[in-house]
Amino acid sequence: MSARVYLDWNATTPPRPEVIVAMGEVMRTAWANPASVHGDGRAARRHLEAARSAVASLFGYDGRDVVLTSGGTEANNLALRSAFSRGKGGVLVTSRAEHPSIVRVAEALASEGLCDVVWLGLEAGGVVRLGELERALGAGNVRLVALQAVNQETGALQPVAEAIALAHLAGAKVHVDAVQAVGRVSLDFVFGADTIAIAAHKARGPKGIGALATKPGVKLHPYVFGGSQERGLRPGTVDPVAAAGLAAALAFAATGPSRYAALAALRDGFEARLATFAERPPALSPPARAPHVTSLLFSGWEGPELVAALDLEGVSVSSGSACSAGTAEPSPVVAALLGARAREAVRVSMGEDTTEADVERALHAFEKVLERGP
């Protein structure tokens, strides 16, 4: 039994054993520069192409239209900056529930005069209001709609399929941040998006690699310059070791649907047991959510204080806080939904390796800490 209980899978996931094996093998045997034309380079390059094919197969795209990146943040940046490069102008539609690599890029593009931004309002759990999207599209000049598939704090499933249909009818493109979706939910509701971002480390793979998948014909433009790697869109030597890890992780993620019901049962049981101590208000309760995550409020506690107390008991959870300049601030998503009460929020996220024994140990730690009080 592990000395600790890890319930922070939305922050990162433990690498799968087959991922570790695949990366070790490539590190020993295919470590050459994949841009080299000799046999050693070709051997390394095969792992890049295998990773591209693995990404493409998730979404029904062609592997030739997959750009390997350093992760989801870079992939989101590449998608948004490409849409508004070269003074194209137009409107970007998104929401404050998005990951900072969408929100802050949107703010930067607007401040640079490259686009106007329409921020969609949020329903319970951080779900965007489709009526507002329809109105924004009806006003015209929308170039891109950017939405996440799964919210990182509440697990909300965004109405991506509906958004894609509405946007395409209006002549706009759609970018989907699927970082929190891969391996956690069935992905058919994001099919048809023009660009999709993923990150390996949120799906049992290594940190430092992700991808941007695009539909044929979508034009991307670099915002970092150097060599001609990744069709000139992402210069710098690409790591075949990380690519092998990505491919192995996505092979496992493709088997995910068989595990979703068991994960949801663990999560629901956890919520029920903590009902005496915790509150799950409507604002944190989306109508449809991923099976592995919950955010709860603990009255009288500051989220970071409760996280620290649980850490001392050997349980890893998250307050959804971003530390900046030594100050812990609530997650912008939860703050947008709850206002001042966002500081009471704690996020618990599970994964395939989480057992009933883990949940029982975590519940015991929660009960011990909460009965003691802040």
Can you name every residue in the range 63-76 that is in a strand (DSSP E or B) and more than 15 Å from the chain's Cα centre (by Cα)? Val66, Val67, Leu68
Give the range 143-160 a look and list any residue that's closer than 18 Å to Val334 by Cβ and part of a loop (DSSP other than H, G, I, E, B), or say none. Asn151, Gln152, Glu153, Thr154, Gly155, Gln158
Of all residues in the range 128-143 being surrounded by fewer than 24 Cβ atoms within 10 Å (Cβ to Cβ) and among the hydrophobic types (A, V, I, L, M, F, W, C), which is nearest to Glu98 (Cα to Cα)? Leu130
I'd like to know if the range 27-37 contains one or more residues that are modelled with pLDDT of 95 or more and under 20 Å from Gln148 (Cα atoms). no
Filter the range 26-48 down to the residues that are assigned to a loop (DSSP other than H, G, I, E, B), of a type outside the set (A, V, I, L, M, F, W, C) and under 18 Å from Gly232 (Cβ atoms) and list them by number. Asn33, Pro34, Ser36
Which count do you get for residues in the range 87-130 that are under 18 Å from the mean Cα position of the chain (by Cα) and either outside the structural domain of Thr73 (by TED's automatic domain parsing) or over 29 Å from Pro282 (Cβ atoms) (or both)? 1
Criterion: of a type outside the set (D, E, K, R) and either in a loop (DSSP other than H, G, I, E, B) or without any contact (Cβ under 8 Å) to a residue 12 or more places away in the chain (or both) - qualifying residue of Ala51, Ala79, Ala108: Ala108
Can you report the number of residues in the range 344-366 which are assigned to a helix (DSSP H, G or I) and either within 26 Å of the chain's Cα centre (by Cα) or within 18 Å of Gly155 (Cα to Cα) (or both)? 5
Taking the options Glu162, Glu153, Glu134, name whichever one is under 21 Å from Val93 (Cα atoms) and touching a strand residue (DSSP E or B) at 6+ places or on another chain (Cβ under 9 Å). Glu153
Could you tell me which of the residues Val359, Val348, Val317 is surrounded by fewer than 22 Cβ atoms within 10 Å (Cβ to Cβ) and under 22 Å from Val5 (Cβ atoms)? Val359
Can you tell which of Ala75, Ala56, Ala44 is aliphatic (A, V, I, L, M), under 18 Å from Asp194 (Cβ atoms) and out of contact with any Leu (no Cβ under 7 Å at 6 or more places or on another chain)? Ala56
Surrounded by 22 or more Cβ atoms within 10 Å (Cβ to Cβ) and among the small types (Gly, Ala, Ser), is that true of Ala165? no
Filter the range 1-25 down to the residues that are among the small types (Gly, Ala, Ser) and assigned to a loop (DSSP other than H, G, I, E, B) and list them by number. Ser2, Ala3, Ala11
Select from the range 241-294 the residues that are charged (D, E, K, R), within 21 Å of Asp358 (Cβ to Cβ) and in contact with a Phe, Trp or Tyr (Cβ under 9 Å, 6 or more places away or on another chain) and list them in ascending order. Arg273
Any residue at all in the range 266-279 that's polar (S, T, N, Q) and touching a strand residue (DSSP E or B) at 6+ places or on another chain (Cβ under 8 Å)? no
Kindly indicate whether any position in the range 238-259 is in a loop (DSSP other than H, G, I, E, B), in the same structural domain as Gly126 (by TED's automatic domain parsing) and at pLDDT 95 or above. yes
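The values are calculated or read from the model by the stated rules, or taken from the named source; none is laboratory data. Being a predicted model, the structure only gives us computed values, none of them experimental. Positions of Cβ are backbone-derived with ideal geometry, glycine not excepted, and every protein chain shown enters the neighbour counts.
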